[in-house]
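Asker: Got a structure for you, questions after.
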Amino acid sequence: MEIKKKDLDQYSNKIYDAIIIGGGAGGLSAGIYLQRFCLSSLIIDKGKARSFWMQELHNYLGLPSDTPGRNLLKQGKQQYEEVNGHLLNGYVEEITEEDEHFLVKVKVGRQNTIETTFKAKYIVAASGIIDHLPPLEDMKNVFDYAGYNLHVCMVCDGYEMVGKKCGFIAGSEASIREMIWNLSWFTPHITIFTHGLFEMSPELKEILAENNFSVVETPIKQFLGHDHQMSGIELIDGTIIKVETGLISMGSKYHNTYLENFDLERKGGNLITDKMCRTSHPRIFAIGDLKVGLNQVVIAAGDGALSATQIWRDLCRKSHHKQPL
Ligand SMILES: Cc1cc2nc3c(=O)[nH]c(=O)nc-3n(C[C@H](O)[C@H](O)[C@H](O)COP(=O)(O)OP(=O)(O)OC[C@H]3O[C@@H](n4cnc5c(N)ncnc54)[C@H](O)[C@@H]3O)c2cc1C
């Protein structure tokens, strides 16, 4: 059931077993499992999940290989509602802890915004990350191709790039060092674009030249092509470089500011968890792209199952302690 803005007061005093921040692949999976353990859950999601930008999910067992992420989300939401889960379209600003409960402060509505607070015993942080894209004057031009044949994830789409002329748009020297050899597993035809964002060291330039990788340091003006298929990259000096595919590696923004009141163990922007996705706080779980691991839909969905099962086990154990055998 979707909670409407006008009904917020009815739910703000309820203590949910778990509140899930983020309704992407991970959050929806956690919600479905929690409800099926006969626990109460609320998913708060601001929308536009990373899965939403995924135009074709090629590698998920059992789904047609052109499944758009938005279909997966629509179906997942429907499944969650069928088991009576609560959904709210809102932005989680802050979480605090009080008497064994979490207070989740949420902003609801872009216009006439209402601020409200929900309560829960457990938190599942499923708010993911979002990729930094090349900053062009016309960002619509980037969105026309990103997620189609201008990819952001080599694990997801390396296979789509096999043997093709690939434009690799890097955000830093570190990203070139980290990615170039793995990318060359799929294709040897790589042109690296720095978009004029950083100076490359002479040592790296030499290694790249020795291995026949071209480097372009002039900023990009626009991506060329049609029907969401990029076929070239135009530089600000008018030069056009033909490509058949592309990979962006410019880092990510981590959606975790609402957890700032907790001194959770992290690795960079990612949260460190145990094998059941529990963070260093015993009642905060982190799943999907936000935790250290592999950023894949199948992992996010699996993490949802793990975190919900552990929450159920915790609550089950607590309730048994009340009635010793
Ligand atoms: C273009 C593209 C192609 C991809 N292709 C593939 C592929 O082929 N195969 C594959 O396995 N993976 C692919 N991925 C990766 C995959 O999309 C992610 O691994 C997966 O979506 C992670 O799920 P998640 O639930 O962790 O996060 P998300 O799906 O990103 O969901 C997080 C949700 O939390 C919300 N949120 C964030 N902050 C807040 C807040 N403060 N309050 C409320 N809500 C909040 C976000 O808006 C979002 O809706 C691709 C990703 C992209 C971008």
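The values are calculated or read from the model by the stated rules, or taken from the named source; none is laboratory data. Owing to the predicted nature of the structure, the values given are computational and were not obtained by experimental measurement. Cβ placement follows ideal geometry from the backbone for every residue including glycine, while neighbour counts extend to all protein chains displayed.
Residues are listed down the side, and each one gets a yes or a no for (1) more than 29 Å from LEU61 (Cα to Cα); (2) loosely packed, with under 14 Cβ neighbours inside 10 Å:
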site	(1), (2)
ASP227	no, yes
LEU235	yes, no
TYR254	no, no
THR257	yes, yes
GLY268	yes, yes
VAL297	no, no
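Asker: How many residues are assigned to a loop (DSSP other than H, G, I, E, B) and buried (at least 18 other Cβ atoms within 10 Å of the Cβ) if we restrict to region 190-224?
Answerer: 3
Asker: Let me ask another. I need every pair where a residue in region 35-49 that is farther than 16 Å from GLY23 by Cβ has its Cβ under 6 Å from the Cβ of a residue that is part of a helix (DSSP H, G or I), sequence separation at least 6 or different chains.
Answerer: PHE37/TRP312
Asker: Right, here's the next one. With GLU260, GLU244 as the choices, which residue is in contact (Cβ under 8 Å) with a residue 60 or more places away in the chain and within 23 Å of PRO68 (Cα to Cα)?
Answerer: Working: GLU260 fails: within 23 Å of PRO68 (Cα to Cα).
After ruling out the rest, the residue left standing is GLU244.
Asker: Right, another one. Which of the following residues is away from the ligand (no atom under 16 Å from the Cβ) and in the same structural domain as ALA170 (by TED's automatic domain parsing): SER231, SER280? I'd like the intermediate steps shown before the answer.
Answerer: Working: SER280 fails: in the same structural domain as ALA170 (by TED's automatic domain parsing).
Matching residue, one of SER231, SER280: SER231.
Asker: Being within 10 Å of the ligand (Cβ to nearest atom), assigned by TED's automatic domain parsing to the domain that holds ASN295 and closer than 17 Å to TYR258 by Cα, is that true of even one residue in region 62-76?
Answerer: No, region 62-76 contains no residue that is within 10 Å of the ligand (Cβ to nearest atom), assigned by TED's automatic domain parsing to the domain that holds ASN295 and closer than 17 Å to TYR258 by Cα.
Asker: Okay, next question. Scan region 175-189 for residues that are in contact with a helix residue (DSSP H, G or I) (Cβ under 9 Å, 6 or more places away or on another chain) and surrounded by fewer than 17 Cβ atoms within 10 Å (Cβ to Cβ) and jot them down.
Answerer: Hits for region 175-189 are ARG177, ASN182, TRP185.
Asker: In addition: In region 45-80, which residue that is assigned to a loop (DSSP other than H, G, I, E, B) and charged (D, E, K, R) is nearest to ILE3 (Cα to Cα)?
Answerer: Restricting to residues being assigned to a loop (DSSP other than H, G, I, E, B) and charged (D, E, K, R), the top hit is LYS46.
Asker: For SER41, which of the numbered conditions (1) within 14 Å of the ligand (Cβ to nearest atom); (2) in contact with a helix residue (DSSP H, G or I) (Cβ under 9 Å, 6 or more places away or on another chain) fails to hold?
Answerer: (1)
To keep it simple, each residue is scored yes or no on (1) of a type in the set (A, V, I, L, M); (2) at pLDDT 95 or above; (3) more than 15 Å from the ligand (Cβ to nearest atom); (4) touching a His at 6+ places or on another chain (Cβ under 6 Å).
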| residue | (1), (2), (3), (4) |
| --- | --- |
| GLY23 | no, yes, no, no |
| LEU34 | yes, yes, no, no |
| MET54 | yes, no, no, no |
| HIS86 | no, yes, no, no |
| GLU98 | no, no, yes, no |
| THR116 | no, yes, no, no |
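Asker: Identify, by number, the condition in (1) modelled with pLDDT under 95; (2) within 7 Å of the ligand (Cβ to nearest atom); (3) surrounded by 14 or more Cβ atoms within 10 Å (Cβ to Cβ) that GLY47 doesn't meet.
Answerer: (3)
Asker: Mind telling me which of the residues SER65, SER40 ends up being in contact with a Gly (Cβ under 9 Å, 6 or more places away or on another chain) and over 16 Å from ALA126 (Cβ atoms)?
Answerer: The match here is SER40.
Asker: Would you please name the residue that is nearest to the ligand (Cβ to nearest atom), looking only at residues in region 134-164 that are of a type in the set (Asp, Glu) and assigned to a helix (DSSP H, G or I)?
Answerer: Filtering region 134-164 for residues that are of a type in the set (Asp, Glu) and assigned to a helix (DSSP H, G or I), the one nearest to the ligand (Cβ to nearest atom) comes out as ASP157.
Asker: Mind checking which pairs have a first residue in region 86-99 that is of a type in the set (Asp, Glu) and a second that is part of a strand (DSSP E or B) and within 9 Å of the ligand (Cβ to nearest atom), Cβ under 9 Å, 6 or more apart or different chains?
Answerer: Taking only residues 6 or more apart or on different chains, the pairs are GLU93/VAL106; GLU93/LYS107.
Asker: Of GLY304, GLY246, which residue is closer than 22 Å to SER172 by Cβ and either surrounded by fewer than 17 Cβ atoms within 10 Å (Cβ to Cβ) or within 16 Å of the ligand (Cβ to nearest atom) (or both)?
Answerer: GLY246
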